[in-house]
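Beneath this line is the structure, given in C-alpha cells, with notes to follow.
The values are calculated or read from the model by the stated rules, or taken from the named source; none is laboratory data. Treat the numbers as computed from the prediction; the structure is a model and nothing was measured. Cβ placement follows ideal geometry from the backbone for every residue including glycine, while neighbour counts extend to all protein chains displayed.
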Amino acid sequence: MLRAMAAAARIDPKTIFTPEEWAPLSRRSSWKGLALLAHAWAVILAAGVMVVVWPITLPIAVVIIGGRQLGLSILMHDAAHGALHQDLKVNDWAGEWLTGGGLVRYRTYHLGHHRFAQQAEDPDLGLSAPFPITRLSLRRKIVRDLTGQTAFKQRFGDFIARLKARKAGEPILPIIAEEIRRKRRWLLGGVVITAIAAPFGAWWAWPVLWVLPQFTWFPMITRLRNIAEHACVGKDEPDPLRHARTTKAGLLARVTLAPYWVNYHCEHHMFMHVPCYQLPRAHRMLAKKGVLPGMLYEPGGYRAVLKLAAGKPG
C-alpha cells in the first residue's frame with residue numbers, strides 16, 4: 001500500500017508581516033534581477049581582463065570567476081521561483097539563456113525540494129543525510145572538487161549513462177537526453193568562443209577562464225553552500241523555521257563563496273518566492289520581530305558550519 005507523501009510545514013507570511021510590510025518584500029523588480037545578471041558577467045569579464053594584463057593573478061581570477069559562476073546558478077535558482085523578473089516570460093528567458101541553462105528541469109526538481117524539505121521525499125535529502133562526517137571524509141570530498149573529479153562526473157556522467165544504455169539496448173531516458181543536449185550546447189559555446197578569440201591569440205580564454213574555475217572552485221563552493229544550507233538539519237523536521245540554515249557571511253565570504261545573498265537560506269525556505277535581493281531585509285525584519293532566535297541560524301559563519309558538519313569522530 002502506497003504511503004501518502006507528507007509535504008513539509010509552511011509559514012503563512014501574514015502571520016508575521018503586515019500587508020504593508022509584506023508587499024515590498026515579495027515584489028519582483030523589472031530591473032534588479034537583470035542588473036545582478038549584468039553584474040555577474042561584468043565581474044567575470046573584469047577577472048578575465050585582469051589575467052590578460054597580469055597572468056600571475058590567474059589563481060585569484062579562478063576564485064572570482066568560480067564565485068560568479070555560482071552566482072549565475074543562484075540567479076537561475078531565483079528564476080526557477082519566478083523571482084528574477086516580474087514578467088514571467090522575461091524571467092524564464094533570462095533564467096535559461098543568461099545563466100547557463102537547465103531552468104525547466106531544475107525548476108521541477110527544486111520545487112519538489114521545497115515541497116518536501118527535509119522530509120523523506122525531499123530529492124535533496126541525500127546531500128545532507130550523510131552529515132556529520134569525519135574531517136578526513138570532508139577533506140577527500142574537497143580534494144575531488146578541486147581536482148576536477150566531481151565536475152567531470154557531473155558533466156559527463158549522463159554521456160556515460162547513454163553509452164551504457166545504448167550498449168545494453170535500453171531506451172535513453174528523456175532526462176538524460178536533455179542533459180546531453182545541454183552538454184552539446186556547452187561544448188558548442190566553447191568552440192565558438194575559442195574560434196573568435198584564437199585570431200587574437202586568446203585561444204586559451206575559454207578553457208582557462210571558464211572551464212578551469214567551473215571544474216575546480218565552483219564545485220567546491222557549491223558543496224560548501226549545500227553543507228551550510230542543510231547539513232546536520234533533522235530529517236522529518238516539523239518546524240518550518242528549521243528546515244534550512246542561514247549562515248552569517250562577511251565580505252570575503254560573499255565575494256568568494258556566497259554570492260547574491262545565498263547565505264539567507266532559512267529565509268528563502270520560509271518565503272521561497274521572495275527575490276534574493278530582499279532576503280537581507282527579510283532577515284532584519286524577522287530579527288526585529290523576535291523570530292530570529294527560533295530560526296536555524298549560524299552566526300559563526302561558514303567555518304563554524306564546516307566544523308559542525310565534519311564533527312564525526314574518526
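Only a single criterion out of (1) surrounded by fewer than 21 Cβ atoms within 10 Å (Cβ to Cβ); (2) modelled with pLDDT of 90 or more; (3) part of a helix (DSSP H, G or I) is not satisfied by I65, namely (1).
All conditions but one from (1) surrounded by fewer than 22 Cβ atoms within 10 Å (Cβ to Cβ); (2) among the aliphatic types (A, V, I, L, M); (3) closer than 18 Å to M295 by Cβ apply to A253; the one that does not is (3).
Might you check whether a residue that is buried (at least 18 other Cβ atoms within 10 Å of the Cβ) and either modelled with pLDDT of 75 or more or in contact with a strand residue (DSSP E or B) (Cβ under 7 Å, 6 or more places away or on another chain) (or both) occurs anywhere in the range 171-179? No.
Yes/no per residue for (1) modelled with pLDDT under 95; (2) assigned to a helix (DSSP H, G or I); (3) within 26 Å of T150 (Cα to Cα):
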| site | (1), (2), (3) |
| --- | --- |
| I221 | no, yes, yes |
| C232 | yes, no, yes |
| Y260 | no, yes, yes |
| C266 | no, yes, no |
| V274 | no, no, no |
| L279 | no, yes, no |
| A282 | no, yes, no |
| M285 | no, yes, no |
| K312 | yes, no, yes |
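Could you list, in sequence order, the residues of the range 183-219 that are farther than 19 Å from Q69 by Cα and in contact (Cβ under 8 Å) with a residue 60 or more places away in the chain? Correct list: A202 only.
Mind checking which residues of the range 68-116 are small (G, A, S) and surrounded by fewer than 22 Cβ atoms within 10 Å (Cβ to Cβ)?
Once the filter is applied, which keeps residues that are small (G, A, S) and surrounded by fewer than 22 Cβ atoms within 10 Å (Cβ to Cβ), the range 68-116 yields S73, G82, A94, G100, G101, G102, G112.
Of all residue pairs spaced 6 or more apart or on separate chains, those with beta-carbon atoms under 6 Å, a first member in the range 117-137 that is farther than 13 Å from A228 by Cα and assigned by TED's automatic domain parsing to the domain that holds L306 and a second member that is aliphatic (A, V, I, L, M) and surrounded by fewer than 18 Cβ atoms within 10 Å (Cβ to Cβ) are E121/M5.
Residues in the range 201-222 that are within 26 Å of G300 (Cβ to Cβ) and either surrounded by fewer than 19 Cβ atoms within 10 Å (Cβ to Cβ) or among the hydrophobic types (A, V, I, L, M, F, W, C) (or both): W217, F218, M220, I221. When E20 is tested against the conditions (1) crowded, with 17+ Cβ neighbours inside 10 Å; (2) of a type in the set (D, E, K, R); (3) not in a loop (DSSP other than H, G, I, E, B), the lone failure is (1). Among residues of the range 49-74 that are farther than 15 Å from R254 by Cα, those with a beta-carbon under 6 Å from a residue that is among the hydroxyl-bearing types (S, T, Y) at least six positions away or on a different chain give the pairs M50/T57; V51/T57.
The number of residues in the range 280-297 being surrounded by fewer than 20 Cβ atoms within 10 Å (Cβ to Cβ) and touching a residue at least 60 places away in the same chain (Cβ under 8 Å) comes to 4. Within the range 83-94, residues that are in contact (Cβ under 8 Å) with a residue 12 or more places away in the chain sit with their Cβ atoms under 7 Å from residues that are of a type in the set (G, A, S) and surrounded by fewer than 21 Cβ atoms within 10 Å (Cβ to Cβ), at 6+ positions apart or across chains, in these pairs: H85/S30; Q86/S29; Q86/S30; N91/G82.
Being not in a helix (DSSP H, G or I) and not hydrophobic (A, V, I, L, M, F, W, C) is the filter; apply it to the range 190-219 and report the residue that is modelled with the highest pLDDT. By that ranking, first place goes to T216.
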